[in-house]
Amino acid sequence: TMVVTYPAKRDGALELLPGVIQPLLAFADLGFFLLRLFLGVLLVEEGWRGMRILFREKRYGALPWLFPTISALLGLLLVTGTVTQLAALVSIAFIAAARPIRESLFPSVRSLGLFAVALLALAAAGGGFLSVDQLFGVILY
């Protein structure tokens, strides 16, 4: 359980804060779970889309399949919550290095920055609720 302390009330300014925020803290794990699921599904979908294009064009060399495969695998690690912190950090490096993925997944620099910040939050928080990390107690500090 998470214990949150609040500063002393001054002129009733913080009177509403404990009543509103405290119940929402029960959903903190759910928020990280949904964030992990959303980011992972985006990476899996992008990788799967790239693989379908390569298969349709009958391009079977190893190099063209590298980026879509890595994207899908990193997404699966995030969805399942397996070594989440490491997968989130590698995802940031991968997206920064993989120009084809970056250009198709992020239409603007803002969306790329938002995705990177969300991945950093996962790297800091770990797998959390309903994850393989939680099941085996994996936390990388």
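What follows is calculated from the coordinates using simple rules that are stated; it is not laboratory data. In this text the structure is predicted, and so the values were computed from the model without any measurement. Cβ placement follows ideal geometry from the backbone for every residue including glycine, while neighbour counts extend to all protein chains displayed.
Ordering of 63-69, 73-79 by packing is 73-79, 63-69, highest average first (other Cβ atoms within 10 Å, averaged per residue).
Zone of ARG59 (label point 7 Å along Cα→Cβ, backbone N under 19 Å): which residues in the stretch 83-110? Of the residues in the stretch 83-110, 95-106 have backbone N under 19 Å from the label point off ARG59.
Taking amide H as placed 1.01 Å from N in the peptide plane, the amide H of PHE129 sits under 5 Å from that of PHE33, each at least 5 places away or on another chain. In a fully extended conformation the segment linking SER104 and ARG52 would gain 17.3 nm over its present Cα-Cα distance, using 0.36 nm per residue. Sparsely packed loop sites in the stretch 48-141 (the trypsin sites (Lys or Arg not before Pro) outside DSSP H, G, I, E and B with at most 12 other Cβ atoms within 10 Å) comprise LYS58, ARG59. Oblate is the label for the stretch 59-141, because a/c, from the alpha-carbon gyration tensor with a ≥ b ≥ c as root eigenvalues, is 1.5 or above and a/b does not exceed b/c.
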